[in-house]
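In what follows, a single structure is set out as structure tokens and then discussed.
The values are calculated or read from the model by the stated rules, or taken from the named source; none is laboratory data. In this text the structure is predicted, and so the values were computed from the model without any measurement. Virtual Cβ from ideal backbone geometry, glycine too; neighbours counted across all protein chains shown. These accessible areas exclude ligands, DNA and RNA; they are computed on the full protein's heavy atoms, side chains included. Shrake-Rupley method; radii C 1.70, N 1.55, O 1.52, S 1.80 Å.
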Amino acid sequence: MLSSEYRVVVGPEGYLAPAAASMGIVLPEPGEGLIEGVIVPEREAMHKIAEKLLTAKNPTFFPGPLVLWAWNDKAIAKAQAVKALAEAVGAHIIPMPDYRPKYPMINPQIEINPNHPNLTIWHNDIDVCVFVGVHCHYANLALKIIRGGTDCYTIALCGEFGHEDAMITLRDVNTAKLCTLLEVIEEAKIEVGVR
Amino acid sequence: MKKGITTISPAFEDIMPEEYRQLVAEGPFGKDLGLGDLGTFKELIEEHPLCAGCGLALGIRLIIASLPAPENTIVVGTTGCSAILFPQLAMHNIHSLFGNQSAIATGLSRALRLRYPDQPKDVVVIAGDGGIGDIGFSFTMQAWFRNEKFTTIMLDNEGYSNTGGQESGMTRQGIALNMAPTGKKYPKLPMVELAKTAGCAYVAAVNPSLARRLGKMVRRAVLVAREIGSTYIQVMVPCPTNYKFSPSETLKQAKALNPQPIEYISAEAEQLLKEAEK
Ligand SMILES: Cc1ncc(C[n+]2csc(CCOP(=O)(O)OP(=O)(O)O)c2C)c(N)n1
Ligand code: SF4
């Protein structure tokens, strides 16, 4: 496949899914997002996130260390916003408190780690997941493993430049942006009469 | 509201796995605990995949429980048997390409000093004798010559255990191992003497049967590295699997191989420790 035609879509894509960047997918600029590798206005990506989460069978949030631990006031506020978002779409929350492989002792029912994220996804039959507060390099690793070995749809709410290895990504996600996403979700709920 | 790297965000207290809640409530973070407190707190390493009776496992357990500030410590490991334990360790740890540990620790300790000028961050290399004395020897020595401010702890099992028993520089003369059947032709490396000559401010060697002594040494080495410069500890941690003795005899072997602890403290370090241990 030509790299310009590559799309970041649900797997399983194969044991070693390529890094989307190596297939020609580029990161969004401020105010933009990515849907399946295509750059779109941020608002459009938010609508797609709402649609995916509201129509999922078992949506699950995977908050990482940057929001799970109370580093500072910003982290504490962001954690609250993430929780509100998960509650709004009726999602489960399974934490990634650190990046230890802990193999083979991971308890996939209650935790996820970036080295074997597929174990948690398979065990809980998760069809749509949201990464938030996970350091970039570990998010990229986990997102590729998920694309390679599962049929889970991945969404990354990234505090930095976005994640081209997720199926949908927003960039520069702070508490205010999470609140905007919550509004988009609440509107979508009314529109489609979900939950 | 309480904040910090070992405080759970209030929004997620209910979904944090029990292990983490216990680490926060009953772990050693910020409590200045030591070996004497073992049994009263949740340890940072509890389960591991090393062989039964492995000297490394005991050595690492004692070393980790002796760190003066585990919440502000980064362990740098490298390839070898210890590397299959470290992924379970509930504190910051970095795996380096075999032998690179002192180079990684150098960059890390320098960067942390710039990034956190008001918060001491301790960098502690913990690696096998092959990693420190052979393959990473050049990096080890160069870091000591530069007087880099981190501690190096050698887990000395006198051979390459993880790859099935080849001789290392630390294997004693005459010893034959699975994959070195003709026996070692030259003596054990004098790493303690080399560390002193290279300028380490604190150098020690001990076996883990002297647990309290080992605990004190780890604490001293970390404090001296924090303020003055390179420090080195050599811990005798025999390997029952490759040296073919019963796993119940590990401590007996360790005592026999290194009965007398060694401790060298530079005048400057002596002064510092006198203040710290008042
Ligand atoms: C650069 C490199 N060379 C060689 C190896 C193979 N290797 C893996 S572990 C090991 C020996 C480790 O010995 P030591 O450092 O003494 O640790 P131990 O396993 O005895 O605890 C070797 C040679 C490797 N992984 N990487
Ligand atoms: S081979 Fe030896 S050093 Fe390695 S885990 Fe087993 S007992 Fe420990």
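Quick notes on this structure:
- Only listed residue being of a type in the set (D, E) and within 16 Å of ligand 2 (Cβ to nearest atom), chosen from B:E43, B:E26, B:E47, B:E18: B:E47
- Qualifying residue in segment B:150-163 (condition: away from ligand 2 (no atom under 15 Å from the Cβ) and of a type in the set (D, E)): no
- Scope segment A:146-195; condition part of a helix (DSSP H, G or I) and either open to solvent by 50 Å² or more (accessible area, probe 1.4 Å) or in contact with a strand residue (DSSP E or B) (Cβ under 6 Å, 6 or more places away or on another chain) (or both); matching residues: A:I146, A:A176, A:C179, A:E183, A:E186, A:E187, A:I190, A:E191, A:V192
- Within segment B:117-133, tally of residues that are surrounded by fewer than 19 Cβ atoms within 10 Å (Cβ to Cβ) and either within 14 Å of another protein chain (Cβ to nearest Cβ) or within 16 Å of ligand 2 (Cβ to nearest atom) (or both): 1
- B:K42 passes every criterion in (1) more than 13 Å from chain A (Cβ to nearest Cβ); (2) under 16 Å from B:G128 (Cα atoms) apart from (2).
- Boolean, B:N258 is at pLDDT below 95, among the polar types (S, T, N, Q) and open to solvent by less than 50 Å² (accessible area, probe 1.4 Å): yes
- Enumeration of residues in segment B:141-158 that are assigned to a loop (DSSP other than H, G, I, E, B) and either farther than 30 Å from B:P181 by Cβ or open to solvent by 10 Å² or more (accessible area, probe 1.4 Å) (or both): B:R146, B:N147, B:E148, B:K149, B:F150, B:N157
- Pick from segment B:168-192, criterion closer than 27 Å to B:V75 by Cβ and more than 17 Å from the chain's Cα centre (by Cα), ranking: nearest to ligand 1 (Cβ to nearest atom): B:S168
- Applying the set (1) in contact with a helix residue (DSSP H, G or I) (Cβ under 8 Å, 6 or more places away or on another chain); (2) away from ligand 2 (no atom under 16 Å from the Cβ) to B:T182 leaves exactly one unmet item: (1).
- Residue count for segment A:62-77, restricted to those that are more than 7 Å from chain B (Cβ to nearest Cβ) and open to solvent by less than 40 Å² (accessible area, probe 1.4 Å): 4
- The lone exception for B:S82 - which of (1) open to solvent by 20 Å² or more (accessible area, probe 1.4 Å); (2) within 16 Å of ligand 2 (Cβ to nearest atom); (3) away from chain A (no Cβ under 14 Å) it fails: (1)
- Members of segment B:238-278 found to be basic (K, R) and within 25 Å of B:D32 (Cα to Cα), listed by number: B:K274, B:K278
- Restricting segment B:207-234 to residues that are among the hydrophobic types (A, V, I, L, M, F, W, C), open to solvent by less than 10 Å² (accessible area, probe 1.4 Å) and more than 16 Å from ligand 1 (Cβ to nearest atom), the residue that is farthest from the other protein chains (Cβ to nearest Cβ): B:V224
- Checked against (1) open to solvent by 60 Å² or more (accessible area, probe 1.4 Å); (2) within 16 Å of ligand 1 (Cβ to nearest atom); (3) over 14 Å from the mean Cα position of the chain (by Cα), B:R61 meets all criteria but (3).
- Of residues in segment B:235-252 being open to solvent by 20 Å² or more (accessible area, probe 1.4 Å) and more than 11 Å from ligand 2 (Cβ to nearest atom), the one farthest from B:P49 (Cα to Cα): B:K252
- Index of the failed condition, B:F98 passing every other in (1) within 16 Å of ligand 2 (Cβ to nearest atom); (2) free of Cβ contacts under 8 Å to residues at least 24 places away in the same chain; (3) surrounded by fewer than 19 Cβ atoms within 10 Å (Cβ to Cβ): (2)
- Applying the set (1) in contact with a Gly (Cβ under 8 Å, 6 or more places away or on another chain); (2) away from ligand 2 (no atom under 16 Å from the Cβ); (3) open to solvent by 60 Å² or more (accessible area, probe 1.4 Å) to B:L114 leaves exactly one unmet item: (1).
- Residues (surrounded by 13 or more Cβ atoms within 10 Å (Cβ to Cβ), more than 7 Å from chain A (Cβ to nearest Cβ) and of a type in the set (A, V, I, L, M, F, W, C)) located in segment B:1-37: B:L23, B:V24, B:F29, B:L33, B:L35
- Test: residue in segment A:111-127 that is open to solvent by 10 Å² or more (accessible area, probe 1.4 Å), part of a helix (DSSP H, G or I) and under 22 Å from B:L85 (Cα atoms): yes
- Exclusive hit being assigned to a helix (DSSP H, G or I) and among the aliphatic types (A, V, I, L, M), set B:L23, B:L44: B:L23
- Residue match in segment B:104-111 (condition: crowded, with 20+ Cβ neighbours inside 10 Å, within 16 Å of ligand 1 (Cβ to nearest atom), farther than 25 Å from A:W69 by Cβ and at pLDDT 95 or above): no
- Among the conditions (1) in contact with a Lys or Arg (Cβ under 9 Å, 6 or more places away or on another chain); (2) more than 14 Å from B:Q234 (Cα to Cα), the only one that B:Y202 does not satisfy is (2).
- For B:V75, the requirement of being over 27 Å from B:A52 (Cα atoms) and either more than 16 Å from ligand 1 (Cβ to nearest atom) or within 14 Å of another protein chain (Cβ to nearest Cβ) (or both) is not met.
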